[in-house]
There are 2 protein chains.
Amino acid sequence: MAIKPSVPKGTRDFSPLEMGRRNYIFDTIKTVFRKYGYQQIETPSMENLTTLTGKYGEEGDKLMFKILNSGDFWNEVEKKNTEHSSKALTGVISEKALRYDLTVPFARYVVQHQNEITFPFKRFQVQPVWRADRPQKGRYREFFQCDADVVGSDSLLNEAEFVMIYDEALTRLGLKDFTVKINNRKILSGIAEIIDKADNIVDLTVAIDKLDKIGLDGVKNELLTRGFTQQDIDKIEPIILLEGNTQQKLTQLREVLASSVTGLKGCDEIEEVFNYLKLAQLQTANCELDITLARGLNYYTGAIFEVKTNEVQMGSIGGGGRYDDLTGMFGLKGLTGAGISFGADRIYDVMEELDLFPEETAQTTQVLINCFDKTGEFYAFPLLQELRAAGISVEMYPAGAKIKKQLDYANSKNIPYVVLIGSDEMQTGMLTVKNMQTGTQEKLSSEQILAKFA
Amino acid sequence: MAIKPSVPKGTRDFSPLEMGRRNYIFDTIKTVFRKYGYQQIETPSMENLTTLTGKYGEEGDKLMFKILNSGDFWNEVEKKNTEHSSKALTGVISEKALRYDLTVPFARYVVQHQNEITFPFKRFQVQPVWRADRPQKGRYREFFQCDADVVGSDSLLNEAEFVMIYDEALTRLGLKDFTVKINNRKILSGIAEIIDKADNIVDLTVAIDKLDKIGLDGVKNELLTRGFTQQDIDKIEPIILLEGNTQQKLTQLREVLASSVTGLKGCDEIEEVFNYLKLAQLQTANCELDITLARGLNYYTGAIFEVKTNEVQMGSIGGGGRYDDLTGMFGLKGLTGAGISFGADRIYDVMEELDLFPEETAQTTQVLINCFDKTGEFYAFPLLQELRAAGISVEMYPAGAKIKKQLDYANSKNIPYVVLIGSDEMQTGMLTVKNMQTGTQEKLSSEQILAKFA
């Protein structure tokens, strides 16, 4: 009993202050999703293991939090005479796991509800996911994902609008310098094709993707160790080092990729997205073609996005792309989709570092009424009610506490105004209104107070 | 792969329509919580088993969803040479469980963060909880709880404000006839005392609590089988059958309970709460003293609340009360608290039955722009952007689809207006605006459209 209670490793409590800030981020992003026609859904925290297993690779299967079957689970083990090893037992004593991401549950949702859905289906989803990763700074075992996806439309308008969504949401949150990097899987395929290494595209892109971190020589070495020849590298090098604006890069790319139909298609798609974006007049986002951008390559088939802030040192704060067969894993073939995700925890850290949270996010109660006895409480009650009827968030501190305690309470809750009602105030009807930030006081009637705050 | 995917038993997907309605309920309640000075917190979905075990009785321990330890859990079993039974194994292969309610995690939060908290601490929390109950109509294995609690204040102002919160939130949601029943555990204790059966208070209240369901004779029989004498029953009967308004009931109760200090204290407390409520001028709620109301008796020490709608047949849609030692289980003694809960799923069902959801909850996009080719898309793009800049939720249907398909899309998403941009429209600059509800059409310029919706 004397042991101080704690939360499980890698999980967090969120205090009122943190909740105010998190709500501010999520509400802003949701508002923008809605403006672009995305509708919210939610899926259960737990999914059947048959839904999740095998969708995230071996590592993912290991890191999933599995739910122990309720009831007499061991009975099942004995009936089936299951081998006594963690691996063999898991499948018998557990049939559900916690959501590992929002994408697979979304695919499951689309297939399960396909007859109720009108396509294109634009949905957003903001829910926690769970991963039994080793916790470290910025990596949690429970964290929120914040995704928007459209399925059933191959129009590149969707890709352009995703960039516009990033632009509007991050601008609203106060970010002043960020870049949306855009690439297209078909361009990466084209590069692999022209060196006759279409089968090695994963090795190719894993190496190229590291340019930022290990530099050109590092990438070359990596390519050599991954089985590419010096000749391959000579062909690839100019592509990696492409310079100029998007139009110039595309012109050069088209020359190099001239023999790859897929590669040229990728160039066309990139160009169309940029054509939309020219019309869109983005507010803040810098957009650039970055052909070293790969992300979860096996997954994406068209556009690939990544968002980086240029104001502080931080990993990507968003990403996404197009995938052509998401629902195939559940038997619904040929449904194309595209989606993006906001990295809410990182955005939180960026905003904290740049001091971007508006003061209102730290405020809940606007006015605190302080009385000193029951008489004061009953005297103040009508004012309390009138302020609330006018939509003001107001509290009355329960009578009996010393004034210092009451003012400390106001300060700790960041309440900007306190109305003090002592015996003088009750006699004259003129109540003391204290501005907690400046410390100034004024005497106002109930009517004047109502007018001041309503 | 051909098996249609599904969600685990007792869990639910929420469609955009359902999310709109659920958000409407939760947002309304949260707004009212905030108006009364309650601040939001969130706690992790999983808690250590040491935090949860033993807090909900044997049944609760069984119904908790336990998380299987990640990694080689069986290794631990072999090392410890644990007996091969479900009961013995659970404690070794699992050390975490999903939240079973919001109250115990809140108590854990208060104790863990006691040095950062200024008391009285008024917090609300809206999060899912999980119980491995047998699923049935209206009972789910994952459902949201919606709680507000204050700890560190014994003022009955808090109790009165809880009734005011119920009144305001449910009135805002459109309920037109509901009752907040109020009782006090001390009155129940007083009744047990005057028949010298203080130790049998649980039996007494379990029986009385059934008055609604089994009638007076049923209650009497139940009391007899639970070891009460005919003499006891003669004394209790007039209390159960108390009539009149609250004041009249209190007068009679005070006479009957004259020999019980605790009972009289309960009467005083009830009276003080009603005195506040007289000043509060409730909008819709009927308030009544109901001395048969017991709820989770072992838990409550003062006020007990329950909310019932009188418009449809439905169990309670809210409840709560005062508890004097919530944090004691984690070693922090003497912190009094009181709290209430809204039954969101039942409120949803009530509102659906009474058709109370405003039409806006079913709407996301306000305007759909329909083009028929890429030229149209690029023509329409500036309007799309201007509408969004004005804060309107607007979508452009990707070019290429037949008009019928586009209008079906608008209907399925409940989009009230469609702007049609064909070649005529592009030539004249006068766009066709169709009201999807009435079917009427008008020709408007881009400027006029902007003025119409902004």
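Considering segment B:37-51 alone, what residues qualify as being in contact with a Phe, Trp or Tyr (Cβ under 6 Å, 6 or more places away or on another chain) and more than 7 Å from every other protein chain (Cβ to nearest Cβ)?
Once the filter is applied, which keeps residues that are in contact with a Phe, Trp or Tyr (Cβ under 6 Å, 6 or more places away or on another chain) and more than 7 Å from every other protein chain (Cβ to nearest Cβ), segment B:37-51 yields only B:TYR38.
Output the residues belonging to segment A:105-120 that are more than 9 Å from every other protein chain (Cβ to nearest Cβ) and either open to solvent by 10 Å² or more (accessible area, probe 1.4 Å) or in contact with a helix residue (DSSP H, G or I) (Cβ under 6 Å, 6 or more places away or on another chain) (or both).
A:VAL110, A:GLN114, A:ASN115
On the basis of being assigned to a helix (DSSP H, G or I), surrounded by 14 or more Cβ atoms within 10 Å (Cβ to Cβ) and within 14 Å of chain B (Cβ to nearest Cβ), does A:LEU250 make the cut?
no
Working carefully through the options B:ALA338, B:ALA344, find the one that is closer than 18 Å to B:ARG172 by Cα and either in the same structural domain as B:ARG141 (by TED's automatic domain parsing) or surrounded by fewer than 19 Cβ atoms within 10 Å (Cβ to Cβ) (or both).
B:ALA344
So, in segment B:11-36, exactly how many residues are closer than 23 Å to A:PHE121 by Cα and within 9 Å of another protein chain (Cβ to nearest Cβ)? Talk me through it step by step, then tell me what you get.
As a first pass, look at segment B:11-36 and keep what is closer than 23 Å to A:PHE121 by Cα: B:11-24.
Adding the requirement that they be within 9 Å of another protein chain (Cβ to nearest Cβ) leaves B:11-20, B:22-23.
Here the count works out to 12.
Do you know which residues across segment B:127-149 are in contact (Cβ under 8 Å) with a residue 60 or more places away in the chain, within 16 Å of B:GLY319 (Cβ to Cβ) and within 12 Å of chain A (Cβ to nearest Cβ)?
Across segment B:127-149, the qualifying residues are B:PHE143, B:PHE144.
Out of all the residues in segment A:78-93, is one or more within 22 Å of B:PRO44 (Cα to Cα) and within 7 Å of chain B (Cβ to nearest Cβ)?
no
Looking only at residues in segment B:159-193 that are open to solvent by 10 Å² or more (accessible area, probe 1.4 Å) and under 18 Å from B:ASP324 (Cα atoms), which one is farthest from the other protein chains (Cβ to nearest Cβ)?
Here is the first cut: in segment B:159-193, the ones open to solvent by 10 Å² or more (accessible area, probe 1.4 Å) are B:168, B:171-172, B:174, B:176-177, B:179, B:181, B:185-186, B:189, B:193.
Still in the list and also under 18 Å from B:ASP324 (Cα atoms): B:185-186, B:189.
On the way: B:ARG185: 20, B:LYS186: 19, B:SER189: 24 Å.
Here the answer is B:SER189.
Search segment A:251-266 for residues that are without any contact (Cβ under 8 Å) to a residue 60 or more places away in the chain and pair each with any residue that is part of a helix (DSSP H, G or I) when their beta-carbon atoms are under 7 Å apart and the residues are at least 6 apart or on different chains.
A:ARG254/A:LEU264; A:ARG254/A:CYS267
Each row is one residue, and each column tells you yes or no for (1) of a type in the set (A, V, I, L, M); (2) open to solvent by less than 60 Å² (accessible area, probe 1.4 Å); (3) touching an Asp or Glu at 6+ places or on another chain (Cβ under 6 Å).
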position	(1), (2), (3)
B:THR375	no, no, no
B:LEU384	yes, yes, no
B:GLY391	no, yes, no
B:VAL394	yes, yes, no
B:LYS405	no, no, no
B:SER423	no, no, no
B:MET426	yes, yes, no
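Against the conditions (1) assigned by TED's automatic domain parsing to the domain that holds A:LEU157; (2) without any contact (Cβ under 8 Å) to a residue 24 or more places away in the chain, where does A:PRO5 fall short? Just the number, please.
(1)
Would you mind telling me which numbered condition in (1) in contact (Cβ under 8 Å) with a residue 12 or more places away in the chain; (2) out of contact with any helix residue (DSSP H, G or I) (no Cβ under 6 Å at 6 or more places or on another chain); (3) within 23 Å of A:GLU95 (Cα to Cα) B:ALA88 fails?
The one condition B:ALA88 does not meet is (1).
Within segment A:50-65, can one find any residue that is within 29 Å of A:GLU161 (Cβ to Cβ), surrounded by fewer than 23 Cβ atoms within 10 Å (Cβ to Cβ), outside the structural domain of A:THR336 (by TED's automatic domain parsing) and at pLDDT below 95?
Our first condition is that a residue be within 29 Å of A:GLU161 (Cβ to Cβ); within segment A:50-65, this holds for A:55-56.
In the following step, the residues that additionally are surrounded by fewer than 23 Cβ atoms within 10 Å (Cβ to Cβ) were identified as A:55-56.
This time we only want the ones that are outside the structural domain of A:THR336 (by TED's automatic domain parsing), so: A:55-56.
Subset that is at pLDDT below 95: A:55-56.
Yes: segment A:50-65 contains one or more residues that are within 29 Å of A:GLU161 (Cβ to Cβ), surrounded by fewer than 23 Cβ atoms within 10 Å (Cβ to Cβ), outside the structural domain of A:THR336 (by TED's automatic domain parsing) and at pLDDT below 95.
Pick out the one residue from B:GLU243, B:GLU272 that is part of a helix (DSSP H, G or I) and either in contact (Cβ under 8 Å) with a residue 60 or more places away in the chain or surrounded by fewer than 15 Cβ atoms within 10 Å (Cβ to Cβ) (or both). Even if it seems obvious, please write down each step before you answer.
On the way: B:GLU243 fails: part of a helix (DSSP H, G or I).
Just one listed residue meets the conditions, B:GLU272.
The values are calculated or read from the model by the stated rules, or taken from the named source; none is laboratory data. Model, not experiment: these values are computed from the prediction. A quick note on method: Cβ atoms are made from the backbone with ideal geometry, for glycine too, and the neighbour counts reach across all protein chains shown. The protein model used for the area step is the full one, side chains on, heavy atoms only, and it has no ligands, DNA or RNA in it. Shrake-Rupley method; radii C 1.70, N 1.55, O 1.52, S 1.80 Å.
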